[in-house]
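In what follows, a single structure is set out as structure tokens and then discussed.
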Amino acid sequence: MPADATHSAWAIRGQFFAAGALFATWGVQVPMVKAHHGLSEQTLALAMLAAGLGSITGLTQAGRIVGRLGPRNVALMTGLVAALAITLLLATTQYAALLLLMFTFGITASLFDVAVNVAASEIERQANRPLMSGFHGLFSLGGMAGAGLGSAMQGLGVSPTMHLLTAGVACGLLTIWGCLHMHAGRDVQSGGGMVLPRGVLGLIGVLAALGLLCEGAIYDWSVLYMHESLQATPSTAALAYASFSGAMAATRFAGDWVRAQLSSVRLVQICGALAALGMALTLMTDKPMVALLGFALIGLGLANVVPVLFSAAARVPGVAPADGIAAVAALGYLGMMAGPPLIGVVAEWHTLSSGMALVMLFAATLSLAARRALGHDR
């Protein structure tokens, strides 16, 4: 890989780290956001839905925006706004303001996601070898660091507002650093609007929806599940996110080697099965430490799903990488958007455990559908 590409790769890794830390900061503070705004599971699910709607809104124009402005400029603008939205989550008690913040976070986080994945796919193309899992490993490492910071600050008695401010400022500064050192790269071609996920893109997108549905459920509900269903302390409950992200990060750092050894079909089949097994273990135990092991197994299973699918989307013949990733990400975010609110509705009508059982179902479906969606990808 050329020296400037290597330098740019580390800057892009920093962007992935910042994105993961922001998602973790939200995940850790879900119980406090619920209490601060006096929300039920259903109204909390609607706030999550607002973020999902924002994500889909952003993704409908992601190919055009990244194509026109370039990945570096889009990452800078959207990364900073996303960090600000997270920082302000507890700045008001107005539910409408919370919905607006979540919608804004959804738009900017989705555009940021496409921008850094397009930049990463270009680096992978230049290197002519699998690299995407390593980039996504930094997202998971950021999630682990963000959750660990939240757990530590809660254990020390630091206010949630100060935690959000600290995390938001740190992620904003990291975004600025990454963009300053990120190579502008070649022009990103786009058809000018969203490419509908038909055919191969549609099948890849369905897998992305299943995988991100499971990921979103863990991001948004794992801490609350530990706290309310297993009566874990707030600091222990926060470790659910950390164990999931830590296992995902460790697996992703080895993922590029694994991708070179296994076909996409076989890898995704194994991933879905492991995630389903981890969720089953979590639901079968009443011991928080065993549940943490289950969440780690889910992270192990889901680790390479999105990197494999985004790389496949960037390689679809006749489709620009920005458009392919945006199309697959749109279906993926639909899964992430639908999953957490669906779990919230089931929790409202029955129990949170019943809602979380959907993760096991969708992970098993992901495994079974892999051959049909990725049979062409060698």
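The values are calculated or read from the model by the stated rules, or taken from the named source; none is laboratory data. As the structure is a prediction and not an experimental result, all values here were calculated from the model. In this analysis, Cβ positions are derived from the backbone assuming ideal geometry, glycine residues included, and neighbour counts consider all displayed protein chains. When the accessible area is computed, the model is the full protein with side chains, heavy atoms only, and any ligands, DNA or RNA have been set aside. Shrake-Rupley method; radii C 1.70, N 1.55, O 1.52, S 1.80 Å.
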Order 7, 227, 350, most accessible first, counting only protein heavy atoms with a 1.4 angstrom probe. 350, 7, 227
Cut-off 14 Å (backbone N to label point 7 Å along Cα→Cβ of residue 293), residues of region 248-281: 278-281
Given +1 on the Cβ of Lys and Arg, -1 on the Cβ of Asp and Glu, and no further charges, what dipole in debye does the chain carry about its Cα centre, rounded to the nearest 20? 760
Given +1 on the Cβ of Lys and Arg, -1 on the Cβ of Asp and Glu, and no further charges, what dipole in debye does region 240-378 carry about its Cα centre, rounded to the nearest 20? 400
What percent do you get for the relative contact order of the chain when only Cα pairs under 8 Å and 6+ apart count? 27
Going by Cα centres, region 224-296 and region 105-183 are how many Å apart? 20
With the other protein chains left in place, how much accessible area per residue, in square angstrom, belongs to region 243-378 at a 1.4 angstrom probe? 39
Farthest towards the positive end of the dipole of the chain, among 285, 107, 249 and with Cβ unit charges of +1 on Lys and Arg and -1 on Asp and Glu, lies the Cα of 249
Accessible-area order for 351, 93, largest to smallest, probe 1.4 angstrom, reads 93, 351
Treating each Cα of the chain as an identical point scatterer and ignoring solvent, apply the Debye formula and state log10 I(q)/I(0) at q = 0.07, 0.11 Å⁻¹. -0.26, -0.67
Per the helix-only calculation at 222 nm, which mean residue ellipticity applies to the chain, given -39500 (n - 2.57) for every DSSP H run of n ≥ 4 and division by its residues, nearest 500 deg cm²/dmol? -28500 deg cm²/dmol
Largest first, how would 371, 72, 13, 198 line up by accessible area (1.4 Å probe)? 198, 371, 72, 13
